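The values are calculated or read from the model by the stated rules, or taken from the named source; none is laboratory data. What you see is a predicted model; the values in this text were computed from it and never measured. Cβ: placed from backbone, ideal geometry, glycine included. Neighbour counts: every protein chain shown.
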């Protein structure tokens, strides 16, 4: 089975622990797909358990792209994702396969679908100065600073969202204008990409919360703490990095720094993951069109496969 040559790209989206990976594997058993991971955590090498990265067997079953492409000491931008994803899409289609975009980083999906605004390029010196200020004052204080110059952007960001707070402050210092004003005044510099989104969303939020707690405990049993200890022991990583700020990792990192005990780290990690799922759901609800499938339904995977069948053509 195949898509029309100009058919929209198929996206499997949803909050964390909603079953996206299982749905993608079911699709891969029926169609010649290659998976492009839409995830800001699985890009990092050495961060396997806490990101629920596909294991070796799962990678043997179907080709995955944009996994393990970056060292945790480095950062990865939304623009970099769009560039890399478009290249992957081109390469996959050239092989006669279907690109399947799967993940929960909604900003990546939006950048691919809508294109990116023509915002100022990063300035390493300004960024370095902002990181130094954050190290001295903390990111909540930087968030408060952003609120005075760009309340629109500050309102949609968590006080600990270091990457996006830093970028908004950087844009202000470079351009003298709030990022929200620039986003409102400029048109996307890139061409939008047509997509069809199958969204795995829990109709019973409490069921997803249970899944999140159970999955984090499974990660601990699989050796998540040892994984974080190995990252901590490197000596070149710190809590200001996007990699270390990933949910689960930052709480266990704080435990290794003596700020929390294991019980507190577990509770905070589960709470942070639930908050992440809530933010992901908010992003999804803002999307103009999506096909919603109850993530907690016993037939969720079958419903995904049936939806894909309606999109594809017979040979």
Query raised in the report: Looking at the range 260-295, which of its residues are at pLDDT 95 or above, in a loop (DSSP other than H, G, I, E, B) and surrounded by fewer than 13 Cβ atoms within 10 Å (Cβ to Cβ)?
Result: 261
Query raised in the report: With respect to residue 69, is the statement that it is touching a strand residue (DSSP E or B) at 6+ places or on another chain (Cβ under 9 Å), at pLDDT 95 or above and surrounded by fewer than 21 Cβ atoms within 10 Å (Cβ to Cβ) true?
Result: yes
Query raised in the report: Out of (1) under 22 Å from residue 275 (Cα atoms); (2) under 24 Å from the mean Cα position of the chain (by Cα), the odd one out for residue 169 is which?
Result: (1)
**Report entry** Among the candidates 174, 89, residue that is surrounded by 14 or more Cβ atoms within 10 Å (Cβ to Cβ), assigned to a helix (DSSP H, G or I) and at pLDDT 90 or above
**Finding:** 89
Report task. Select from the range 19-30 the residues that are part of a loop (DSSP other than H, G, I, E, B) and buried (at least 19 other Cβ atoms within 10 Å of the Cβ) and list them in ascending order. Result -> 19
Query raised in the report: Just wondering, is there one or more residues in the range 37-57 that are part of a helix (DSSP H, G or I) and either closer than 29 Å to residue 227 by Cα or touching a strand residue (DSSP E or B) at 6+ places or on another chain (Cβ under 6 Å) (or both)?
Result: yes
Report summary line: Among residues of the range 72-86 being surrounded by fewer than 18 Cβ atoms within 10 Å (Cβ to Cβ) and under 15 Å from the mean Cα position of the chain (by Cα), the residue nearest to residue 131 (Cα to Cα) is 75
Report summary line: Within the range 76-86, the residues that are out of contact with any helix residue (DSSP H, G or I) (no Cβ under 8 Å at 6 or more places or on another chain) and at pLDDT 95 or above are 84
Query raised in the report: Regarding residue 135, is this residue within 18 Å of residue 170 (Cα to Cα) and either assigned to a loop (DSSP other than H, G, I, E, B) or not assigned by TED's automatic domain parsing to the domain that holds residue 285 (or both)?
Result: yes
Requested in this report: Identify the residue in the range 235-259 that is assigned to a helix (DSSP H, G or I) and under 22 Å from residue 278 (Cα atoms) and, among all such residues, is modelled with the lowest pLDDT.
Outcome: 250
